[in-house]
Amino acid sequence: MAAKKILITGASGFLGYHLLRTAHARGFDVYGLYNSGKISFEYSTNLQLDLRNYIDMGNVIDDIEPDAVIHAAALADATLCQKNKELSYEINVEVTRNLAGICSDYQVPFVFTSTDLVFDGEKGNYTESDIPNPIMVYGAHKLEAEQKTAKVYPESLIVRCPLMFGAIEASDKTYFSTFIRGMREGKPANVFHDEYRSICGARSVSEGILHLCEEATGLFHLGGTARVSRYDFGMAAAEAFGLDKTLIHSLSQKDIQMSVPRPADVSLNIQKARSFGYSPLGYQEELRHIAAAKYL
Ligand SMILES: NC(=O)c1ccc[n+]([C@@H]2O[C@H](COP(=O)([O-])OP(=O)(O)OC[C@H]3O[C@@H](n4cnc5c(N)ncnc54)[C@H](OP(=O)(O)O)[C@@H]3O)[C@@H](O)[C@H]2O)c1
């Protein structure tokens, strides 16, 4: 039997990097879409496309006839979204709604990658039935994209991802690669002790997405195994990479004037996903795999 075809948007991005490799390892015939970046993975078929070209997007689906589409393309920089609301709306909301619509027309299973930042962070341990209340443009647009996706294609799978870390080579722009690079150069790092997330390795999240996309539709939270402060995560990363922990300075969110409001605790409850077989590694274990270069 021929391998199932999976089409991944945002394949040149951080999560896309992990999705491509994980999907290949799971035996999928993998197609990756990029726009201005590049994809170095040699086992996927890679195509350039600006997703705002809906006719071309439809043609790609028509030509490839994928068994599923995972939409990981986004304007995922919260600061940029805050500064350029129109662009954020175009990429995060309109592209997502139109891609969901195309997948609905072709009856191709569709996965939308959303974010924990749809919540205001007042409560933490959020379940799928908690009411979102985004406090920044990025979160608000991702929430609107969720709602439009569910409306145009109710059988979609919507996964809210946590703050992720992963292979250093996946992107030089993530907080994680910046943190590790800086610490290796002996630069001090300021991290919040009062900001909590369900930080998770991107390989675990990618495994979860690929597993759920064959098992389920609807809304799922794909966080890590624990609620962790950014300070404790930073210390664990330094430990795993053998870096100097004294370079890490603990700060409060209140100590900094921020250009984008940051929620205090957007930790995710993952019981629903677990009951469908989601099984992420603990962050310390995934950090050790990355540091030992035994990753992906
Ligand atoms: N990283 C995290 O910790 C995190 C946390 C929660 C949720 N998420 C979600 O996970 C998904 C992936 O995020 P990420 O961190 O991997 O983002 P990223 O590294 O910034 O990558 C964004 C991707 O979107 C693509 N893209 C942007 N505009 C496009 C356009 N007009 N046409 C085609 N492609 C376009 C980019 O392509 P080019 O670079 O080729 O232009 C890139 O591949 C997003 O939905 C994000 O909201 C991420």
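The values are calculated or read from the model by the stated rules, or taken from the named source; none is laboratory data. Because the structure is predicted, anything quoted here is derived from the model rather than measured. No Cβ is skipped: glycine too gets one built from the backbone with ideal geometry, and neighbour counts run over all protein chains shown. When the accessible area is computed, the model is the full protein with side chains, heavy atoms only, and any ligands, DNA or RNA have been set aside. Shrake-Rupley method; radii C 1.70, N 1.55, O 1.52, S 1.80 Å.
A few notes on this one:
- Total residues in segment 88-120 satisfying the condition of being within 9 Å of the ligand (Cβ to nearest atom), touching a helix residue (DSSP H, G or I) at 6+ places or on another chain (Cβ under 8 Å) and not polar (S, T, N, Q): the figure is 2.
- Qualifying residue in segment 169-178 (condition: within 15 Å of the ligand (Cβ to nearest atom), small (Gly, Ala, Ser) and under 21 Å from ALA23 (Cα atoms)): yes
- For the residues ALA273, ALA291, the requirement of being more than 23 Å from ASN125 (Cβ to Cβ), touching a residue at least 12 places away in the same chain (Cβ under 8 Å) and in contact with a helix residue (DSSP H, G or I) (Cβ under 7 Å, 6 or more places away or on another chain) singles out ALA291.
- Test: residue in segment 97-104 that is in contact with a His (Cβ under 6 Å, 6 or more places away or on another chain) and in a helix (DSSP H, G or I): yes
- Hits in segment 171-215 - residues which are in a loop (DSSP other than H, G, I, E, B), surrounded by 18 or more Cβ atoms within 10 Å (Cβ to Cβ) and either touching a strand residue (DSSP E or B) at 6+ places or on another chain (Cβ under 7 Å) or of a type in the set (Gly, Ala, Ser) (or both): SER171, GLU195, SER198, ILE199
- Count - residues of segment 26-64 that are over 19 Å from the mean Cα position of the chain (by Cα), closer than 25 Å to LEU222 by Cβ and among the small types (Gly, Ala, Ser): 2
- Filter result for ARG52 (surrounded by fewer than 23 Cβ atoms within 10 Å (Cβ to Cβ), near the ligand (Cβ under 7 Å from one of its atoms) and touching a residue at least 12 places away in the same chain (Cβ under 8 Å)): yes
- Residues being in a helix (DSSP H, G or I), open to solvent by less than 10 Å² (accessible area, probe 1.4 Å) and in contact with a helix residue (DSSP H, G or I) (Cβ under 7 Å, 6 or more places away or on another chain) - total across segment 5-42: 4
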